[in-house]
Amino acid sequence: MTVKVSHTDDVQGLFREACGFNNDQGSPRLKQLMFRLVNDLAKIVEDLEVTEDEFWKAVDYLNRLGGRGEAGLLVPGLGLEHFLDLLQDAKDARAGLTGGTPRTIEGPLYVAGAPVCQGEARMDDGSELDRATVMFLQGVVRDAEGKPVAGAVVDLWHANTLGNYSYFDKSQSDYNLRRRIVTDAEGRYRARSIVPSGYGCSPDGPTQECLNLLGRHGQRPAHIHFFISAPGHRHLTTQINLAGDRYLWDDFAYATREGLVGDIRFIEDTAAARDRGVEGGRFAELEFDFQLQKAVAPEAEKRSQRPRALQGA
Ligand SMILES: [Fe+2]
């Protein structure tokens, strides 16, 4: 028979003391969260009869996860980052905040402070032109009524042909494939970049180790991340996932959503390529418009305060 003690006065007293309920210092909010967390963990240990070996293996796993900086990768891998989107969608629906481009997960690979460009940008540093396909990406940012938004900041970032991101991949130049493009008077942004590759979790990393035990792969389809912001409009965190990728609807991070599939077109036309300044005759075009909701309060214009990387920091 299963023995359970977590509900007893002794254990509850222990957890209350451990979570700082017997002092008036610290953060009441953290005390509340930690008390719930400790209690739920204790219940898991009891209900699922977690062995000591399993418990300490999990503690060791957390050490290794943090050591590799992969906590922000496991979270989407377990569906929790997408859950946060679904929860926010439900809150929005209840508040009547609907319409516009769907949100989707940010992921852990944003770097703040990318170069700001007016209307258009060249995003790649040219170092992969021997193997990359040049991509022309453009679109319009619109408001809730469908009118173009001039001066919106389209802050976008994506991986290179190897599926790696600058800053995290030290072999790339600073801010390679990261730009902030300010929309022109017609609300338009234009970027010349390279077609990104999808990518997977490190095969030898702790996230993939967990996914292996869940019988899952750790692959993402090719995609492009966006933060879109403009005064008076609600901040949007989203991604375009590229049509034709084998992982489009089998994304380990659950980021692909209806309304966020980018219909990328590959064009083989030497003359057209030359007109656009592309060697080799092959390039890609991707057009994607965004629609922002109205900001109901000034805080809605800002992205979350999630800790993020900053180049040079
Ligand atoms: Fe990504």
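Quick notes
- Relative packing of peptides 173-186, 13-26 - highest average C-beta neighbours within 10 Å first: 173-186, 13-26
- Rounded to the nearest 5, the antiparallel percentage of DSSP beta bridges internal to the chain is 65%.
- Using the Karplus relation 6.51 cos²θ - 1.76 cosθ + 1.60 with θ = phi - 60°, the per-residue 3J(HN,Hα) values for the range 164-179 come to 10, 10, 4, 6, 6, 9, 6, 7, 8, 6, 4, 6, 4, 6, 9, 8 Hz, with x marking Gly and Pro.
- Among 73, 18, 123 the positive-end extreme of the charge dipole of the range 16-139 (Cβ point charges): 18
- Contact order normalised by residue count of the range 176-251, Cα under 8 Å, 6+ apart, percent: 23 percent
- Global geometry of the range 30-169, whether rounded, prolate or oblate, following the gyration tensor of its Cα atoms and the 1.5 cut on a/c: oblate
- Karplus-based coupling profile of the range 225-242, in residue order and whole Hz: 8, 9, 10, 10, 9, 7, x, x, 10, 6, 4, 10, 10, 7, 8, 9, 9, 7, with θ = phi - 60° in 6.51 cos²θ - 1.76 cosθ + 1.60 and x standing for Gly or Pro.
- Loop-located trypsin sites (Lys or Arg not before Pro) across the range 214-256 with a Cβ neighbour count of 11 or fewer within 10 Å are 246, with loop assigned by DSSP.
- Amide hydrogen proximity for residue 199: with H placed 1.01 Å from N in the peptide plane, the residues at 5 or more positions away or on another chain lying under 5 Å are 220.
- Neighbour-limited loop hits for trypsin sites (Lys or Arg not before Pro), the range 65-168 (at most 11 other Cβ within 10 Å; DSSP other than H, G, I, E, B): 131
- Cα convex hull volume per residue for the range 187-256 (Å³): 127 Å³
- Of the DSSP H helices in the chain, none is both long (alpha-carbon extent of 30 Å or more along the helix axis) and hydrophobic (Kyte-Doolittle mean at least -1.0).
- Packing rank of 262-273, 282-293, where each peptide gets the mean count of other beta carbons within 10 Å, highest leading: 282-293, 262-273
- Amide H partners (placed H, <5 Å) of residue 264, local residues excluded: 243
- Note, ³J(HN,Hα) from phi for the range 283-295, Karplus 6.51, -1.76, 1.60, rounded to Hz, x at Gly and Pro: 8, 10, 10, 9, 10, 8, 9, 10, 10, 9, 7, 6, 7
- One quarter of the surface of the convex hull around the alpha-carbon atoms of the range 172-307 equals 11.6 nm², the direction-averaged projected area.
- Full extension of the chain segment joining residue 122 with residue 86 gains 9.6 nm, where the gain is 0.36 nm per residue of separation less the Cα-Cα distance.
- For the range 24-53 and the range 124-148, distance of Cα centres in Å: 46 Å
- Set against the 2.2 N^0.38 Å expectation for a compact globular protein, the range 80-232 has a Cα radius of gyration ratio of 1.17.
- Computed over every Cα-Cα pair of the range 84-149 and binned at 5 Å starting from 0, the pair-distance distribution P(r) comes out as 3, 10, 13, 15, 21, 16, 11, 7, 3, 1, 0 percent.
- The range 23-80 shape via C-alpha gyration tensor axes, a/c threshold 1.5: oblate
- The largest accessible area among 145, 46 belongs to the first residue in 145, 46, and the rest follow in falling order (1.4 Å probe, all chains).
- According to the Cα-based calculation, Rg over Rh for the chain is 1.04, with Rh computed by the Kirkwood formula.
- Residues whose amide H falls under 5 Å from that of residue 309, counting only those 5 or more places apart or on a different chain, are 112, with hydrogens built in the peptide plane.
- Inter-label distance, nm, simple model (7 Å from Cα along the C-beta direction), residue 3/residue 217: 4.7 nm
The values are calculated or read from the model by the stated rules, or taken from the named source; none is laboratory data. Everything numeric in this text was worked out from a predicted model, so none of it was measured. With ideal geometry, Cβ positions are generated from the backbone for all residues, glycine too; neighbour counts draw on all protein chains shown. The area values use the complete protein model at the heavy-atom level, side chains included, leaving out ligands, DNA and RNA. Shrake-Rupley method; radii C 1.70, N 1.55, O 1.52, S 1.80 Å.
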